[in-house]
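Q: This is the structure, below, for whatever I ask next.
The values are calculated or read from the model by the stated rules, or taken from the named source; none is laboratory data. Note that the coordinates shown come from a computational prediction; the quantities given were computed from them, not determined experimentally. Backbone-built Cβ (ideal geometry, glycine too); neighbour counts: all protein chains shown. Remember, those area values only see protein heavy atoms, side chains included, never the ligands or the DNA or RNA. Shrake-Rupley method; radii C 1.70, N 1.55, O 1.52, S 1.80 Å.
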Amino acid sequence: MTSPDAPLQERHDAPVSPASSRDFRLVWAGTSAGRLGESVASFAAPVVAITVLDASALTVTLITAAAWLPWLVVGLPAGAWVDRLPRRPVMVVCDLVSVLVVASVPVAAAAGALTTPHLLGAAFAVGTTAVLFQTAWTSYLPAVLDERQLVPANALLHGSDSAARVAGPGIAGLLAGAVGAVAGYALQSVTFLVSATCLALVRTPERRPARTTGRSLRREVAEGIHHVRRDRVLLNLAVHGSLSNLFLVGYQALLVVFLMRHVGLSEGGVGLLLTLTALGGVVGALVIQPLIRRLGDARTLVLGKALAGPFALAVPLAEPGWRLVLLAVASTLLVVGITAGNVVSGSFRQRYVPGALLGRVTTSMQTLNLAGIPLGAVLAGTLATAVGTRPALWVLTAAYACTGLILLLGPLRGRRDLPVRSSDPAPAVPA
């Protein structure tokens, strides 16, 4: 039985489930609280823009773009910074800064002073802390868990993330109907505070890789980029992520506008639909380990992400009635595939990349991976303004459905399992 002071793992006797550890449960609870807040706010932000500020489709998509733009601005140096610092304090500070930034929105709204620039600035600021938090969090798990625990730990974390995405839109919809959509920001501020508190209570020390002192930040950033560029599997995953996010988040940035203004759903109806869709993430997290045992982790990753794309084509078909049911079912299956693929790819990177490089490799991949998000949001808003929301959705979902070919034809083609870590600090997968 694990004592309250026991570390997350013992190197020679790792428990089957990381959930047996008090400290992992704190990490799990803290990150889950933060994810719930993000899920509520991701629904509240466009609803506030539409109902409070009467924003256009382009403005709504710009708010999404602002939240992800920091990956382009600070993504690469963030990895080098995080590799130099203890990860847990970084995450706590990021949560506390986010508390203050997010709380400013309902305060401004109560004073009648909320503006579009304020929403854009808050989205960018919280997005910046999210870059640092996500980088530190990804590098933190391998620093406190045994390698054998990474897949079950990531499955638990992705499962709770998906559960938060299930609960978030429903909660935000209820809040919007009862007291106004701005209340979603107040709830997000509270969840960031819960996250900071949980992480501050963790006692397990990190295993810090040996670092060479006196090295330039630019050189360390370049090492992370070079590592990804040399490795065909990592590069393939990053390129697929960039293009798929370009179109996936592009159409998702228009989804609330489309459902409210064109399909005619209320805030509560949109929240309920997104809640049902997010159930796919819970299913994806639950089935991931049986799928890996049956198919292998490489096949699970490729099939999960590649087969998810065509389900997006149900989005522009949506109308009141059976087509709305079709949208809910198809979107749920899409999220199942994405979640399964994300669990595998995240766990693979954590065990495959040497610890001293993990933060820099993560941000190198994520910068390329997530660079498509702000571009996709702007593209979506521009298309919707030029040709209309539904035609824009057809273009974006059709393009997203094709991105799976990058994985199906890439270096993992025909492999059952993903490669293991090389002894080379910058391993390259042979052709």
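Q: Any idea what the alpha-carbon Rg over 2.2 N^0.38 Å comes to for the range 78-161? Intermediate values should be presented prior to the final figure.
A: Working: Rg = 16.2 Å, N = 84, 2.2 N^0.38 = 11.8 Å.
Normalised Rg, Cα atoms only: 1.37.
Q: Hey, another quick one. Once neighbouring chains are kept in place and the probe is 1.4 Å, which whole percent of the accessible area of the chain is contributed by carbon and sulfur? Before the final figure, lay out the partial values.
A: Working: 11670 of 17410 Å².
Reported share for carbon and sulfur atoms: 67 percent.
Q: Would you mind checking the tilt of helix 322-352 against the longest principal axis of the Cα atoms of the chain, expressed as 0 to 90 degrees and rounded to 10?
A: 20
Q: Oh, and also: Using protein chains only and a probe of 1.4 angstrom, how many square angstrom of LEU85 are accessible, to the nearest 10?
A: 80
Q: Quick one: length gained pulling ARG232 to ARG293 fully straight, 0.36 nm per residue minus the C-alpha distance? Please list the in-between numbers first.
A: On the way: separation 61, 0.36 × 61 = 21.96 nm, distance 2.44 nm.
Here the answer is 19.5 nm.
Q: Relative to the first principal axis of the alpha-carbon coordinates of the chain, what is the inclination of helix 217-230, with its axis defined by its Cα atoms, in degrees from 0 to 90 and to the nearest 10?
A: 90
Q: Between LEU286 and ASP417, how many nm apart are label points set 7 Å from Cα along the C-beta direction?
A: 2.8
Q: Where only protein heavy atoms count, and the probe is 1.4 Å, what is the accessible area per residue for the range 295-413 in Å²? If you can, show how the numbers build up before the last one.
A: Details: 3980 Å² over 119 residues.
On a per-residue basis, the range 295-413 sits at 33 Å².
Q: So if each residue of separation counts as 0.36 nm, and I subtract the Cα-Cα distance between LEU408 and LEU96, what length gain in nm does that give? Don't skip to the end; give the middle numbers.
A: Working: separation 312, 0.36 × 312 = 112.32 nm, distance 4.16 nm.
Result for the pair: 108.2 nm of gain on full extension.
Q: Using the Karplus curve 6.51 cos²θ - 1.76 cosθ + 1.60 with θ = phi - 60°, work out ³J(HN,Hα) for each residue of the range 389-401 in order, rounded to whole Hz, and write x for Gly and Pro.
A: 5, 5, x, 4, 5, 4, 4, 5, 6, 5, 5, 5, 4
Q: If you split all Cα-Cα distances of the range 289-379 into 5 Å bins from zero, what percentages do you get per bin, shortest first?
A: For the range 289-379, the pair-distance distribution reads 3, 13, 15, 16, 19, 15, 10, 5, 2, 1, 0.
Q: Based on alpha-carbon centroids, what's the gap between the range 274-331 and the range 356-387 in Å, whole number please?
A: First find each Cα centre; the distance between them is then 21 Å.
Q: Which angle from 0 to 90°, rounded to the nearest 10, does the C-alpha axis of helix 267-295 make with the longest principal axis of the chain?
A: Approximately 30 degrees, to the nearest 10.
Q: Could you grab the relative contact order for the chain? Cα pairs under 8 Å, six or more apart, rounded to a whole percent.
A: Values: 780 pairs, mean separation 116.7, N = 431.
In percent, rounded to a whole number, it is 27.
Q: Considering only THR31, THR367, THR204, give the residue with the highest GNM mean-square fluctuation for the chain, with springs between Cα atoms whenever their separation is below 10 Å.
A: Looking only at THR31, THR367, THR204, the biggest GNM fluctuation is shown by THR204.
Q: Under Stokes-Einstein, with the Kirkwood radius over Cα pairs standing in for Rh, what whole-number D in µm²/s applies to the range 259-328 at 37 °C and 0.692 mPa s?
A: 236
Q: Placing one identical point scatterer on every Cα of the range 276-431 and ignoring solvent, what is log10 I(q)/I(0) from the Debye formula at q = 0.09, 0.11 Å⁻¹?
A: -0.36, -0.53
Q: Still on this model: Per DSSP helix of 4 or more residues, -39500 (n - 2.57); summed, then divided by the residues of the chain. What does that give at 222 nm, rounded to the nearest 500? Intermediate results must be reported in sequence, preceding the final value.
A: Numbers: 15 runs with 321 residues, N = 431.
Computed ellipticity for the chain at 222 nm equals -26000 deg cm²/dmol.
Q: Follow-up question, since we're still on this one. Please state the Cα pair-distance histogram of the chain with 10 angstrom bins from zero: what percent is in each bin?
A: Pairs per bin, as whole percents: 5, 21, 34, 27, 11, 2, 0.
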